[in-house]
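The values are calculated or read from the model by the stated rules, or taken from the named source; none is laboratory data. As the structure is a prediction and not an experimental result, all values here were calculated from the model. Glycine also receives a Cβ, built like all others from the backbone with ideal geometry; neighbour counts cover every protein chain displayed. To get the accessible areas, we keep the full protein, side chains included, count just its heavy atoms, and leave off ligands, DNA and RNA. Shrake-Rupley method; radii C 1.70, N 1.55, O 1.52, S 1.80 Å.
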Amino acid sequence: MPIFRRSARLPDAVAAHLPKGDRPLAFAAMTNGSYAVVVRDALIVVGEDGLGQRTAWHEIENGSWDGETRTFTITWADRERPDEPLVLESDEVEVFTSTLRERVQSSVVHHETVEVGGTRVRAIVRRREDGSLYSQVTAFGPLPRGEDADREIDALERRVREAVGLTG
């Protein structure tokens with residue numbers, strides 16, 4: 001006979017601070033007493049004392065897990081913003097991390113990567129929470145200066161934008 005377990009629930013005192021319409025898909029308790037909560041359109045950090053932050057998926061580049069320190073580190077799409085560590089109470093994070101990854105990937109509409117002067121450059125089109133699309137170009141290292149490199153990067157961004165019907 002199968003054993004059915006009731007899934008864990010976000011504490012009522014914490015859930016009360018979620019924005020209206022944001023239903024938890026997965027969550028992880030943090031060592032500071034807050035919770036990192038995955039909802040359809042955002043990552044929310046919330047505690048019994050209120051909402052800490054709400055970050056739309058298109059703002060997150062990726063996340064990485066360090067099991068030794070139980071730290072999930074968010075890397076932002078805006079590389080100027082410093083990475084954000086979330087120190088979790090438990091290392092049982094598979095549901096949380098896989099759900100978060102799926103939601104981040106849901107904001108990616110199209111991408112292409114090329115090498116420019118030996119540096120990997122990625123152009124990506126992402127969907128904002130309101131459904132609008134935008135493109136972003138990221139270089140993973142130093143870029144050569146000059147018109148040839150600029151033309152390659154501009155052509156890359158133009159291709160990904162045209163692939164999804166964005167003009168201009």
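Compute the separation of the alpha-carbon centres of region 50-65 and region 150-168 and state it in Å as a whole number. Cα centroid to Cα centroid, the span is 27 Å. For region 107-168, the spherically averaged projection of the C-alpha convex hull amounts to 4.2 nm². Using the alpha-carbon atoms, what tilt in degrees (0 to 90, nearest 10) does helix 147-163 show relative to the longest principal axis of the chain? For helix 147-163, the angle is close to 50 degrees. Counting only protein heavy atoms and a 1.4 Å probe, region 51-154 has 59 square angstrom of accessible area per residue. Among the protein heavy atoms, those of T113 account for about 60 Å² of accessible surface (1.4 Å probe, every chain in place). Looking at region 80-121, which trypsin sites (Lys or Arg not before Pro) are DSSP coil and have at most 11 other C-beta atoms within 10 Å of their C-beta? In loop regions of region 80-121 (DSSP not H, G, I, E or B), there are no sparsely surrounded trypsin sites (Lys or Arg not before Pro).
Between the helical axis of 94-106 and the longest alpha-carbon principal axis of the chain there is an angle of about 40 degrees. These residues, H17, H111, H58, go from largest to smallest accessible area, 1.4 Å probe, as H111, H17, H58.
Only protein heavy atoms count here; on that basis, with a 1.4 Å probe, D150 has an accessible area of about 90 Å².
This structure gives Cα extents along the principal axes in Å, computed directly, and of [x] 49, 29, 26; [y] 61, 41, 35; [z] 41, 36, 31 that value is listed as [y]. Ranking A8, I153, G67 by Cα position along the charge dipole of the chain, where only Lys, Arg, Asp and Glu carry charges on their C-beta atoms, puts A8 farthest toward the positive end. Note on V87: accessible area approximately 60 square angstrom, rounded to 10, probe 1.4 Å, nucleic acids and ligands left out.
Computed over the chain with a Gaussian network model linking Cα atoms closer than 10 Å, the most mobile of G67, G21, G52 is G21.
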